[in-house]
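FYI, it's all coordinate maths here, none of it is from the lab. Predicted model only: the values in this text are computed from it and were never measured. Neighbour counts are summed over all protein chains in view; Cβ atoms, including those assigned to glycine, are modelled from backbone coordinates with ideal geometry.
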Amino acid sequence: MPRPTTGSAPPLRVAFAAFVAFVLAATPMIVAGCNEAEATNDTPETFPMEPHYLWPTVMPDEGQIAAGAFTGEALPQPIGFPHYTHVTTLNMDCQYCHFVARKSIHAGVPPTETCMGCHKYVKKDAPEITKLAALWESGEPTAWNKVHDLPDHVVFNHGRHVKAGVNCTECHGQMGLQGQPQPAPGTAEGEAPVMVVNAVNIRETTLQMGWCLQCHATHPSIDTNYGEKSDQRRAELKDCWTCHK
Amino acid sequence: MGIFRRAPRDSSPSEAAEPKTSLSRRHFVAALGLGTSASALSACGWDDNRYYTPIEQILPYVVHPDQIVPGTPTFYATTIGTGRGAWPVNARTREGRVVNVVANPQAPFARAVPKEALLALQRHYSPDRLKGPKVRDGGTWSDVTWEAGLEKLTAAVKKARQAGKTVAYLGPSRTGALLELLDDYTDGNAVFWESDGRDGEAAASERMFGRRFLPAYDLAKAKYILSFGAEFLSSWGGELSKIQYASARNPNVDHSIVRYALVSPIMGQTGANADDWYKAAPGSEVEVALAVGALVARKTSYNGPALGVFAGADTAKAAARAGIDANAIEEMASRIAENKGASVVLPGGVTGGAASTELALVCYAINLAANNDGRTFGDGPVFEGPVHGAADVGKLLAAAKAGSIGVLLLDDVNPVFELPLDASVAESLSKVELIVGLSSHPDESNANAHLLLPTSDAFEDWGDEEPVKGLHLVRQPSMTPLYDSRSLGDVLLVTGRAAEMKSRRQPAAAESEPAAEANAGKAGKAGKADVVASVEAEPAAADPSGGLGFGPTTWRDYVQARWQRDVLGADNFATRWNEALGRGLHDARPRLSAPGTVMGPAVTAPADAGGSLKLVVFLHPIRGAGKFSNEPWSQEVADPMTGGVWDSWVEVSPGTAASLGIENEALVELSTDAGTVQTGVVIHRGIADGVVALALGNGHEAGGRYAAGVGVNATRLLKLATDSGGAMVWQGGAAQLKAVGASAELVRTFRHEHDQGKHHVRSAPAEELAKVGDAPSAHPGDMTGIHHPPRDPRLVAAGSLEFYDLPEHPQYRFGMAVDTNACTGCGACAIACYAENNLAVVGKALIKKGREMNWIRVNRYWDTEADRVTFMPVMCQQCGHAPCESVCPVLATYHTIDGLNAMVYNRCVGTRYCANNCPYVARRFNFHTYRWPEPFNLQLNPDVGVRSAGVMEKCTFCVQRIRETKSAYRDQSFTDTMPDDALRQLPACADACPSQAITFGNLVDPRSGPTEARRSGRSYEMLGDLNTFPAVNYLAKANFHATGGHHGGHADAGHGDAGAHGDAGAHGDAGGHGDAGEHEGKAKAGKAKADH
């Protein structure tokens, strides 16, 4: 599918708009509202960057289709970080690196400093660590691609979930099994394989609203923490404003 | 970009025309035609199992800063405002940027966030800020490095000093470390100018008490306030006077309610709170004050040294000139005498500034005669910093004209705009060799500079202030500078050192240092000073009592050294400094005391300038003298008295308008002997006859993109004149007014003068209320005198009151109590809401269509009988039976278990039915996707979503703060209910309110603030008869029995209103909200349904 060009609506957009318009045409009030549809005075011709409300705010194109969806598509990362080695092999706690998870709404991707705390000494010459060290030297932050990405209208408080006793794996899946080093392709038979890490991460859960609500209705921590008030808490937890902002 | 758009100039109203459509009708029909093939087309490339979201990136820190936890706010106690306008606040930062300003709970006052602090926040992110130093060559500006800029300044300073010329400074009121540094730098040639009309008070103190200061007032202890126009609830006296007034007005404190009488030709926002308004003609204040003073002195048998002031008093003459009844003067004097020691008389500020010095002298003398000295008035916690008058600015300009100024530092002050200067200013300034603009905002004065060195603002800089003697406020950076700016202190230190400047201050004897002395006593106890990380370098104060000179390396060291020397003492300094930083202040205020020396100079009242129509200029209650005019919030938030936005307007009384044949909102020409302006006219009752009022603050020519071309500049109608004390003369000039056009295209958000008999505002008799306060009443609300059935009796009789069951709230039902008696209409709540909730600023053209986005508005209702105003903040009432909820087709709005009327933005499809059904007009629709021009977007609150076009929005009671507080409280207990004190001032509006008019809490809790307020004898619900069960209840205003025998509680007030000030402009709007101020049609519709 061609990328959108300025000035003319690409077929997908037109199609979607047509669909929306078709549905809404039955509602005279909205159509009337639409006749006085406006964009801002000084908006350049970047339609639909300043869209009318009948149009989706962000229309997808190939570049924007997030991989890392639960279908198993992987999202490339700047550094091949093996969760497997750290979590499964070395048995490190998630919060050793994600150290603000307990106190913040974010889990916090660790600062380069945290990585370098060990990797100044450990596995200094591994190819992925060389990339890390280069970033550390340059002072540039590492630009990770977001795998577990919630919509901007959702407020998700990591700290509350951690403190309630929800296990990280319940939402993030078996992160500890991801990034298992594999023998590099092209290794000759009988040769000791060079282990490489695919620089990808995969989201294993949908992170869709229904999926969230399943837990909010049934998670055992609710009974544990709220005792006789757990029914009230469950009612609270399915309230829209618990998560929507 | 977007809709932070510049308001169209008056000269070209065509710019306000309908914005261009980007989805044209043609596109729409084309899309409609394609509808049938939609499913086929969408099948290509669309996979429902995929996520169609842009890939976002996470950029973690390289080195994690200690003070930041990503995703949680960090608060820095700091000080916003300079000199006498400084106030301690907390800057709320997220990931290293300031997103909001909240009240500092550790300050020794009630919570308050000054409007100025919120506007300073928006100013901090202004797209007009200078991004680096600039140098002017002829008419062109070019960028220059800081090093080159400082070198240029150093060279000029050296040259000036060698040539025997002065290095001068003109800036805003300054105190603390910067004052000392400026004094050394300029060798005493620093002039501090504030357009707040208080220069006369300092001159009067000098004459009467032998020392130049602004006296201290304690309004909290007053039972009677007589103000000669002082805007003590907006621009006069800062937050402290607002907090004190709220305490005096609170019927639950001391079982008394202060009676506030105003002598002024105009009400203004402050005067609108007055219980008695004596409409004295402009310029007559001194004579009235003299007459009152003489009577007071007689009644109290005062025989002190200040008696000489009243020598020229003549009651009959004063009454005649002021155009008031002689009995009124007698009444004022009796009330002052009755409240001997518990009254206070306030001089006039700008509004009463016909002869500020004389007026202040007489007011001081009345306070002395009424035995108020040492009780509500006097020495002690005074402002002791320099208060310069217009004469001092004049002297500076004269020196410039004479060519004796080598370098002029123009700090964050705009004399060319704020002062009535004529063309000779440009000539004077052109004689200065180097003018350095230190403000990082472009303005009319900076345009004359040769070199612009943008200095860091209050969110980026160190500093300290002393707005009241002994109250030491610390300023610390809340974020790294946004642009290439440097601290003013560093600029002075670096260039001063390079120019080999020395301290002027002589080493003082030890006994003149009270702090050092106080600490000497503790020396034995405290022991060794703790070494605290943040104090890296020991301040270089070689001489413990002498001047700091230019020794300290950095500005921070300088501030610390001053605090060590003057405030905290050397002993255990590091620890105490860190404590002060955490708290934001060090409070060592002396008690209010009687002035030591008192003299009684004779006073001559100013002569009448003649003319049948007089001009009165006043400080705009939000924009002040114009410093914050370029901040879109200051233009967007409605003017408290007229509801006007993005403009200037002339205000006249109905009587004056009728005699001149001027229609409301007509285009008029106002001229004085100094100049002429053309603008719209607003006719309202808050102006005396024979007076034409015009607010200062607008009419910038070069104030940045939002202020430029908005309104007219009132100072262009004045001539620079000074009174006997060298203070600016603001008032007294004659004016001519004539209509020149039918309509001035004014945009006002107030559509109605009064509440049209719907009892939105009610009153309770102050005398009775003072006795019982808000104690639980057997019949809540009975004190308002309105025996209006709370619910429609027919529904009650038919047993069909509730079609739906009222929702149950097991733990929380969040509610609010709004005290209309405490609300002074200042608008801080509205600005705080803009800052907290990412509200879009839409501009004049869209407000004209009724598309303003404010979630809280302050309605102004006139009393139908007396000249009285009640302000009423209105936000979403979070109804128990919400009319909006039942009509939403997609359940985007619904009732939460906490009693909030929730709005889920991404579920909203934009039918706007909810807004049509809301009787309170609390809902706002996004007709556009509004964009925040960079760097305004950095101020957006990350806890609140930014809504896009097609979505309805409204007040949420700051649900993000509720959520945050609940989460924090769950750390202690999963099941317990939050205590009342955690909630009381949680929402942004309640947090900002200096009067504590808004109380938030849990209605399920029987002891919470709003629950208790509901039991008060003056509690009522707005439109409660519509059966909406709002979670907001209002408390009636305390009204004294009016002088004319009017009784509080206007049960059956007439609804007729003079035609001259009827509904201001019809605002037809197809889809939005027809009338935001009043809801007659809707209320009727609601009733009609209920009848059925």
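Mind listing the long-range amide H neighbours of residue B:691? Cut-off is under 5 Å, sequence gap 5 or more, other chains count too, H placed in the peptide plane at 1.01 Å from N. For residue B:691, whose amide H was placed from the backbone, the distant partners under 5 Å are B:614, B:653.
Pairs exceeding 27 Å between alpha-carbon atoms, taken from B:152/B:719; B:340/B:771; B:242/B:395: B:152/B:719; B:242/B:395. Phi-derived couplings, Karplus 6.51 cos²θ - 1.76 cosθ + 1.60 at θ = phi - 60°, listed residue by residue for segment B:877-892: 8, 6, 4, x, 10, 7, x, 6, 5, 6, 9, 6, x, 10, 6, 6 Hz, with x used for Gly and Pro. Beta bridges from DSSP with both residues in chain B: antiparallel share about 60 percent, rounded to the nearest 5. Annotation: amide H-H contacts under 5 Å for residue B:700 (H modelled 1.01 Å from N, sequence separation of 5 or more, or interchain): B:709, B:710. Between rounded, prolate and oblate, where does segment B:199-383 land on the alpha carbon gyration tensor, with a ≥ b ≥ c its root eigenvalues, rounded for a/c under 1.5, else prolate if a/b exceeds b/c? Taking the square roots of the gyration eigenvalues as a ≥ b ≥ c, segment B:199-383 is rounded. Remark on residue A:195: its backbone amide H falls under 5 Å from those of A:184, a criterion applied only to residues 5 or more positions apart or on other chains, H modelled at 1.01 Å from N.
Pull out a ≥ b ≥ c, the square roots of the eigenvalues of the alpha-carbon gyration tensor of chain B, then state rounded if a/c is under 1.5, prolate if not and a/b is larger than b/c, and oblate in the remaining case. Here chain B falls in the rounded category.
With contacts taken as Cα pairs under 8 Å and at least 6 residues apart, segment B:199-383 reaches a relative contact order of 33 percent.
Only Cα pairs under 8 Å and 6+ residues apart enter the sum, and on that basis the relative contact order of segment B:380-501 stands at 22 percent. The mean count of C-beta atoms from other chains within 10 Å of the C-beta of residues in B:972-983, rounded to a whole number, is 2. Which entries in the list A:146/A:238; A:238/B:758; B:131/B:159; B:221/B:614; B:115/B:158; B:223/B:966 go over 32 Å, if you measure between the two C-alpha atoms of each? Beyond 32 Å: A:238/B:758; B:221/B:614; B:115/B:158; B:223/B:966. Assuming R0 = 56 Å, what is the FRET efficiency of residue A:134 and residue B:782, from their Cβ-Cβ distance, to the nearest 0.05? Working from the Cβ atoms, E equals 0.15.
Straight-line reach from residue B:954: taking Cα to Cα under 16 Å and skipping same-chain neighbours fewer than 8 places apart, the lysines in range are A:245. Across peptide A:141-153, the average count of Cβ atoms from other chains found within 10 Å of a residue's Cβ is 5.
Summary of packing: across the peptides B:364-370, B:634-640, B:293-299, the per-residue average of other C-beta atoms within 10 Å ranks them, highest first, as B:364-370, B:634-640, B:293-299.
At an R0 of 25 angstrom, the distance between the Cβ atoms of residue B:913 and residue A:217 translates into a FRET efficiency of 0.25.
For segment A:175-189, 3J(HN,Hα) computed residue by residue from phi via the Karplus equation (6.51, -1.76, 1.60; θ = phi - 60°) reads 4, x, 9, 8, x, 5, x, 10, x, 5, x, x, 6, 6, 5 Hz, glycine and proline entered as x. Computed from backbone phi with θ = phi - 60° and the Karplus coefficients 6.51, -1.76 and 1.60, the 3J(HN,Hα) list for segment B:771-784 is 5, 9, x, 9, 4, x, 10, 5, 10, x, x, 5, 6, 6 Hz; x is used for glycine and proline. Charging the Cβ of each Asp and Glu at -1 and of each Lys and Arg at +1, and nothing else, the dipole of segment B:928-1053 about its Cα centre rounds to 100 debye. Under a model in which nothing but the beta-carbon of Lys, Arg (+1) and Asp, Glu (-1) is charged, segment B:614-741 shows a dipole of about 220 debye around its Cα centre. For segment A:175-245, the list of GluC sites (Glu not before Pro) that fall in a loop by DSSP and count at most 15 other C-beta atoms within 10 angstrom reads A:189, A:191. Other protein chain C-beta atoms within 10 Å of residue C-beta, averaged over B:890-896: 2. Along the charge dipole of segment B:539-685, pointing to its positive end and built from +1/-1 on Cβ of Lys, Arg, Asp and Glu, which listed residue (B:684, B:652, B:621) has its Cα farthest out? Comparing the listed Cα positions along the dipole, B:621 ranks first.
Before anything else, pin down the relative contact order of chain B: Cα pairs under 8 Å, at least 6 apart, normalised by residue count, whole percent. Rounded, it is 15 percent for chain B. Using the Cα gyration tensor of segment B:372-462, with a ≥ b ≥ c the square roots of its eigenvalues, what is the shape: rounded (a/c below 1.5), prolate (a/b larger than b/c) or oblate (neither)? Since a/c reaches 1.5 but b/c is at least a/b, the shape of segment B:372-462 is classed as oblate.
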